[in-house]
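S.K.: Sharing a structure with you now.
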Amino acid sequence: MSSESTRDVVLVGGGHSHIQVFDHFTRNRLPNARLTLVVDRRIAMYSGMVPGFVAGQYGVQDLAIDAVALAEKAGARIVLSPAVRVDTERRQIVVADGPPVPYDVAAFDLGSTVTGLDLPGVREHALPTRPITEFVHRVDTLLEDLKAEGGDPFRVVVVGGGAGGMELIFTLESRIRSAGVRVEALLIEGGPRIVYNYPDPVRWRLERAAERRGITLRCDTLVEAADEGGVVLSGGERLSCDLLVWVAGPVGHPLFEPSAIATDERGFALIRPTLQFKDHDNLMGTGDCATFIDFPFTPKAGVYAVRQGPIITRNLLAWLEGRPLVSYTPQKEFLTLMNLGDGTAIGAKWGFSFQGKWVMRLKDRIDRAFMARFQ
Ligand SMILES: Cc1cc2nc3c(=O)[nH]c(=O)nc-3n(C[C@H](O)[C@H](O)[C@H](O)COP(=O)(O)OP(=O)(O)OC[C@H]3O[C@@H](n4cnc5c(N)ncnc54)[C@H](O)[C@@H]3O)c2cc1C
C-alpha cells in the first residue's frame, strides 16, 4: 500500500462514467493521490451514436472518445493493457502485459460482453457488438466494401431483439439499401417478443416500422450454431446470410470471475448503493459491469453509466478523505430513443411513445451535446 500522502487511485476501463471522473479531475486536481487509468485500448465509443454510425449518419470521429487523452489531461498515468484479474489480497490490478498496478482504491467501468459467443462457430463467423470499438471498425470496413452488383440480395441477420439489436437491424437495412444494394434483413429473437422490457407501444411501433421496411422479425427462435454460410436454428433449420451480427444480450466482464469478487448469476459485479463492491469497501463499479444488489433488474444501458459518473467521482473523493459516501438510486424510467436509420427515431418515456423525424433530431442533439463535453 502507498504512503498516506500519495495514495493510488486506479480507474479500470474508460467507459461512460470514468470519462466524467477525468473531466472533473482535469478541472479540480486530485489532492495527495496518484491517478492511474488501466485500459485495454485508447479509444472508447459512445454507444448512443453507434447505430447512427452504422446508418452512415456519423463518422467514426463523431462517436470516438479518446479516454487516454482525457485521463492524461487529468494528470493520470496510463497503463495501456487489458486488466485480467484483481488481486484483492495484495491490492493489485493484474494486467495482460506489464507489472501489476497497485491500488488503494479502484473503480471499474469496463462494460460487458455478449452472451452466446461460445456457441459453435459464433466467435469465428459472427460480428459481436462487444467490444464496441472493434465492432465499429469491423462493421465500417464491411459496409464500405459493399458493392451494388445486382443479382442476389445482401442478407443480413441480427441475433438479439433488445433495443441495441432493433436499432442495428433498422440501421443496417437502411445503410445497405442506400448503397444501392438489395437487402434482406432478418432479426432473430429467442424470447417470445422483441424489446421485452419496454412498454407495448414501443414494441408495436417497432413491429409496424419493420413491416413497412420489409424487415422480418422472428421471435421464439434460438440460434444453435453459426458457420461461414449462415446460422443453424435449434430445430435444425438453416438460414443463409452474408452478415451475421451478434447482440444477444449482455453478460459480465471476464475479469471478475478469477478475482474473488462477488457477482450475480450473469457475472456482473454486485454493488451497494454507494457503488462499492459487495465485499470490498475500496473497490467500486459503475455502468454495465456492475449490478445493484438492491435493484438487480436495472437495464444495462449507457444512460445509467452516464448518471453514475458524478457519483463515482464524489465517492472516490469521499473515500480518500474519509467522509461518508453518497448513495445512488437508479432511476426507474429513462428517455428511450431508438434510431431507425431512415432519419426517424422512436422514443418513449413515462408510458408514452412517439416517433418521427423530430425524435431523431432530439436524439442527435442530446448525443452531440454529450460528446461535445469529451471531444
Ligand atoms: C448497438 C448498441 C446501441 C446502444 N445504444 C444505446 C443507447 O442509445 N442508449 C443507452 O443508454 N445504451 C445503449 N446501449 C447500451 C450501451 O452500449 C451500454 O450500456 C454502455 O456502453 C455501457 O457503458 P459502460 O460505461 O458500462 O461501458 P463501455 O462504454 O462499454 O466502456 C467500457 C470501457 O472499458 C474498457 N475495457 C474493457 N475491457 C477492459 C479490460 N479488460 N481492461 C481495461 N479496460 C477494459 C473498454 O475499452 C472501454 O473503455 C447500446 C448498446 C448497443 C450494443
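S.K.: If the requirement is being open to solvent by 20 Å² or more (accessible area, probe 1.4 Å) and free of Cβ contacts under 8 Å to residues at least 24 places away in the same chain, which of these qualifies: 140, 145? Steps first, answer last, please.
M.R.: Working: 140 fails: free of Cβ contacts under 8 Å to residues at least 24 places away in the same chain.
Result of the check over 140, 145: 145.
S.K.: Another question about this same structure. Does residue 324 satisfy being open to solvent by 70 Å² or more (accessible area, probe 1.4 Å), more than 12 Å from the ligand (Cβ to nearest atom) and either touching a Ser or Thr at 6+ places or on another chain (Cβ under 7 Å) or under 21 Å from residue 17 (Cα atoms) (or both)?
M.R.: Answer is yes for this residue.
S.K.: Can you give me the number of residues within the stretch 34-49 that are of a type in the set (Val, Ile, Thr) and crowded, with 23+ Cβ neighbours inside 10 Å?
M.R.: 2
S.K.: Something else: In the set 79, 84, which member is assigned to a strand (DSSP E or B), under 20 Å from the mean Cα position of the chain (by Cα) and at pLDDT 95 or above?
M.R.: 84
S.K.: Residues that are in contact with a Gly (Cβ under 6 Å, 6 or more places away or on another chain): list the strands (runs of 3 or more DSSP E) wholly contained in the stretch 285-375 that include at least 2 such residues.
M.R.: 336-339
S.K.: While we're looking at this one, here's another question. Quick test for you: out of 75, 111, pick the one residue that is at positive phi and more than 9 Å from the ligand (Cβ to nearest atom).
M.R.: After applying the criteria, what remains is 75.
S.K.: Restricting to the stretch 1-47, give me the number of residues that are assigned to a loop (DSSP other than H, G, I, E, B) and either of a type in the set (A, V, I, L, M, F, W, C) or more than 24 Å from the chain's Cα centre (by Cα) (or both).
M.R.: Residues in the stretch 1-47 being assigned to a loop (DSSP other than H, G, I, E, B) and either of a type in the set (A, V, I, L, M, F, W, C) or more than 24 Å from the chain's Cα centre (by Cα) (or both): 11 in total.
S.K.: Taking the stretch 181-197 as the search range and keeping residues that are part of a loop (DSSP other than H, G, I, E, B) and open to solvent by less than 40 Å² (accessible area, probe 1.4 Å), which one is farthest from residue 146 (Cα to Cα)?
M.R.: Step one: of the stretch 181-197, the residues part of a loop (DSSP other than H, G, I, E, B) are 181-182, 189-197.
If we keep only those that are open to solvent by less than 40 Å² (accessible area, probe 1.4 Å) as well, we get 181, 189-191, 194-195.
Working: 181: 8, 189: 26, 190: 29, 191: 32, 194: 28, 195: 29 Å.
Looking at the filtered set, the residue picked out is 191.
S.K.: List pairs: first in the stretch 48-66 and in a helix (DSSP H, G or I), second away from the ligand (no atom under 13 Å from the Cβ) and of a type in the set (Asp, Glu), Cβ under 9 Å, 6+ apart or cross-chain?
M.R.: 49/62; 52/62; 53/62; 53/140; 54/140; 60/140
S.K.: Can you say whether residue 275 is closer than 20 Å to residue 37 by Cα, modelled with pLDDT of 95 or more, within 13 Å of the ligand (Cβ to nearest atom) and buried (at least 18 other Cβ atoms within 10 Å of the Cβ), as far as the supplied structure shows?
M.R.: yes
S.K.: Taking the stretch 205-243 only, how many residues are out of contact with any strand residue (DSSP E or B) (no Cβ under 8 Å at 6 or more places or on another chain) and either assigned to a strand (DSSP E or B) or free of Cβ contacts under 8 Å to residues at least 12 places away in the same chain (or both)?
M.R.: The total comes to 7.
S.K.: Within 8 Å of the ligand (Cβ to nearest atom), out of contact with any His (no Cβ under 9 Å at 6 or more places or on another chain) and of a type in the set (Ser, Thr, Tyr): is that true of residue 17 in this structure?
M.R.: Against the criterion (within 8 Å of the ligand (Cβ to nearest atom), out of contact with any His (no Cβ under 9 Å at 6 or more places or on another chain) and of a type in the set (Ser, Thr, Tyr)), residue 17 qualifies.
S.K.: Which numbered condition in (1) within 11 Å of the ligand (Cβ to nearest atom); (2) at pLDDT 95 or above; (3) not assigned by TED's automatic domain parsing to the domain that holds residue 275 is the only one that residue 101 fails?
M.R.: Failed condition: (3).
S.K.: Going by what's in this entry, would residue 84 be described as open to solvent by 50 Å² or more (accessible area, probe 1.4 Å) and either more than 14 Å from residue 374 (Cβ to Cβ) or out of contact with any strand residue (DSSP E or B) (no Cβ under 8 Å at 6 or more places or on another chain) (or both)?
M.R.: For residue 84, the condition - open to solvent by 50 Å² or more (accessible area, probe 1.4 Å) and either more than 14 Å from residue 374 (Cβ to Cβ) or out of contact with any strand residue (DSSP E or B) (no Cβ under 8 Å at 6 or more places or on another chain) (or both) - is met.
S.K.: Moving to a separate point now. Considering only residues of the stretch 300-313 that are buried (at least 18 other Cβ atoms within 10 Å of the Cβ) and more than 12 Å from the ligand (Cβ to nearest atom), which is nearest to residue 198 (Cα to Cα)?
M.R.: If we take residues in the stretch 300-313 being buried (at least 18 other Cβ atoms within 10 Å of the Cβ) and more than 12 Å from the ligand (Cβ to nearest atom), then 311 is nearest to residue 198 (Cα to Cα).
S.K.: For the stretch 111-131, give me each residue that is over 19 Å from residue 303 (Cα atoms), open to solvent by 20 Å² or more (accessible area, probe 1.4 Å) and outside any loop (DSSP other than H, G, I, E, B).
M.R.: Matches in the stretch 111-131: 123, 124, 125, 128.
S.K.: For the stretch 57-78, does any single residue satisfy the condition of being surrounded by 20 or more Cβ atoms within 10 Å (Cβ to Cβ) and within 18 Å of residue 253 (Cα to Cα)?
M.R.: Looking for residues that are surrounded by 20 or more Cβ atoms within 10 Å (Cβ to Cβ) and within 18 Å of residue 253 (Cα to Cα), one finds none in the stretch 57-78, hence no.
S.K.: Further question: When the residues of the stretch 116-137 are filtered to those that are in contact with a Lys or Arg (Cβ under 9 Å, 6 or more places away or on another chain) and among the hydrophobic types (A, V, I, L, M, F, W, C), which remaining residue is nearest to residue 49 (Cα to Cα)?
M.R.: So, considering only residues that are in contact with a Lys or Arg (Cβ under 9 Å, 6 or more places away or on another chain) and among the hydrophobic types (A, V, I, L, M, F, W, C), the one nearest to residue 49 (Cα to Cα) is 127.
S.K.: Right, next: Kindly provide the set of residues from the stretch 78-98 that are without any contact (Cβ under 8 Å) to a residue 60 or more places away in the chain and within 15 Å of the ligand (Cβ to nearest atom), ordered by number.
M.R.: Listed by number, the residues that qualify are 78, 79, 80, 81, 82, 92, 94, 95, 96, 97, 98.
S.K.: Within the set of pairs 6+ apart or on separate chains, which have a first residue in the stretch 286-298 that is open to solvent by 70 Å² or more (accessible area, probe 1.4 Å), a second that is assigned to a loop (DSSP other than H, G, I, E, B), and C-beta atoms under 6 Å apart?
M.R.: Correct list of pairs: 295/330.
The values are calculated or read from the model by the stated rules, or taken from the named source; none is laboratory data. Only a predicted model underlies this, so the values are computations on that prediction, with no experimental measurement involved. Glycine also receives a Cβ, built like all others from the backbone with ideal geometry; neighbour counts cover every protein chain displayed. Calculation scope for accessible area: heavy atoms of the full protein, side chains included, ligands and nucleic acids excluded. Shrake-Rupley method; radii C 1.70, N 1.55, O 1.52, S 1.80 Å.
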